[in-house]
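Encoded as structure tokens, the structure appears first; notes follow it.
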Amino acid sequence: MEGNFKFHNPTKLYFGEDAMGHLAGELKNYGPTVMLSYGGGSIKRNGIYDAVIAALKASGKTVVEDPGVMPNPTYEKVLEGCKLVRDNHVDLILAVGGGSTIDYTKAVSASAWCNEDAWQKYWVNQQNPSCQTVPIGAVLTMVGTGSEMNGGSVITNRKEGFKRGKVFGPALYPNFAILNPRFTMTVPQYQMVAGFFDIMSHLMEQYFAGDRDCTTDYINEGLMRSLIHSSRIAAQNPQDYEARANIMWTATWALNTLLKCGKGGDWEVHQIGHAIGLVTDATHGMTLATVSLPYYRHVMHDGLHQFVRFAKNVWGVRPEGKSDEQVAMEGLKCLEDWMKEIGVVMHCHELGVSEDNLEQVADAVLILPVGYRTLTRPEVVEILRESL
Ligand code: NZQ
Ligand code: ZN
């Protein structure tokens, strides 16, 4: 294990087909005005909106509607939400949607009563709120980000030219989250599979760092194996409840701070993915899928022991008669085969990256001094070119 750590996760989770039954009880803990934040309308088509409204009405709440949170939510939209919170003196923000909606509500919660430049304070200077924040609850409808049980808030600021994450402390985690795997059954296959890869990426970003024997890595390997197993089933039959439920649970644990305990992390794949997302507005999980293999092949020799462990413990690669490099490469080949099997996008030209905008993407990549090696800008360009 490395260093010292604190594990504190205050989110209360309700999981399973009956989870929604707990919403009305939770609402009792908050004042009369609830802002209902959601995306482009999927919740109106699949009935989740009606169920949420019924619970809000039964609890006697005044509802402030806040629709239209887009995938890769923008800072402009955050400022609109802040105005709604202030104008209506909102007591609770209820996010009903995927990571974009939940991330957005954290941004609104921290920014509504902030009398500084919130973008500069949170997403550039990475400071914590010094103002009043608004409590958040979540009804999760799309699996992948882990936003339902963490402080992450990834916001796109087109004017400044960045898509940036801020990891807020436990005060900004959702106070409660409702996780009913049935609610995710209407997610289109493309989004579903992107979510699967997002989970895998969160697991790998935290796995490929450090060189100590650490319990956290064993937990991580178990989650990866469960994800690989269930994603193969769900990609063939998205209506398989057991597989979808297991994946939902895995996604939450993949990014609720457990897996960084006693370890460093990497997160450079996410930085490159965010830059692709900024320039193309592509689906988050797919941006990660296109750059992961080129990235890991670049850093493999710097963390060879962990890539060998990944091959053996996650993919069951047999090491007999092979060099460490061969075992590690075989592990990455297994990863590649799984990605193709579940159907993720393998090349970022399919997302809109080309030689014409590659430098623009590279300019937007935040290079972190983490993982097994800190990239140089020419290496970022090289990785992007290999991802095309
Ligand atoms: O907007 P609606 O109409 O609801 O449609 C959404 C959206 O188009 C649709 N969808 C969601 N639930 C559905 C559904 N369609 C049918 N039935 C349902 N039940 O799915 C589309 C994608 O939704 P979105 O919320 O954008 O997806 P996701 O959960 O992948 O969130 C992506 C965002 O989260 C950030 C990403 O960068 C991206 O901005 N991340 C947040 C993290 C965190 N908080 O820790 C970490 C991640 O690494 C990630 O960066
Ligand atoms: Zn992610």
* **Matching residues, the stretch 327-348, being of a type outside the set (Lys, Arg), exposed (fewer than 14 other Cβ atoms within 10 Å of the Cβ) and without any contact (Cβ under 8 Å) to a residue 40 or more places away in the chain** => Asp337
* Failed item in (1) of a type in the set (A, V, I, L, M); (2) part of a loop (DSSP other than H, G, I, E, B); (3) surrounded by fewer than 18 Cβ atoms within 10 Å (Cβ to Cβ), with Val381 passing the rest -> (2)
* In the stretch 238-251, is there at least one residue being surrounded by 24 or more Cβ atoms within 10 Å (Cβ to Cβ), out of contact with any helix residue (DSSP H, G or I) (no Cβ under 6 Å at 6 or more places or on another chain) and within 15 Å of Glu205 (Cβ to Cβ)? -> no
* Within the set of pairs 6+ apart or on separate chains, which have a first residue in the stretch 121-136 that is free of Cβ contacts under 8 Å to residues at least 12 places away in the same chain and over 14 Å from Ala171 (Cα atoms), a second that is assigned to a loop (DSSP other than H, G, I, E, B) and polar (S, T, N, Q), and C-beta atoms under 7 Å apart? -> Lys121/Gln127
* Asked: Which one of these does Thr105 not meet: (1) buried (at least 24 other Cβ atoms within 10 Å of the Cβ); (2) under 20 Å from Ser147 (Cα atoms); (3) more than 16 Å from ligand 1 (Cβ to nearest atom); (4) not aromatic (Phe, Trp, Tyr)?
  -> (3)
* Give, as residue ranges, the helices (runs of 4 or more DSSP H) completely inside the stretch 1-80 that count at least 3 residues that are crowded, with 19+ Cβ neighbours inside 10 Å and of a type outside the set (Asp, Glu). => 48-58
* Asked: What are the residues in the stretch 91-134 that are hydrophobic (A, V, I, L, M, F, W, C) and either within 16 Å of ligand 2 (Cβ to nearest atom) or assigned to a helix (DSSP H, G or I) (or both), if any?
  -> Ile102, Ala107, Val108, Ala110, Ala118, Trp119, Trp123, Val124
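Laboratory data are not the source of any read-out in this text; all were calculated from the coordinates shown. As the structure is a computational prediction, the values presented were derived from the model and not from experiment. Positions of Cβ are generated from backbone atoms using ideal geometry, with glycine treated the same way; all protein chains shown enter the neighbour counts.
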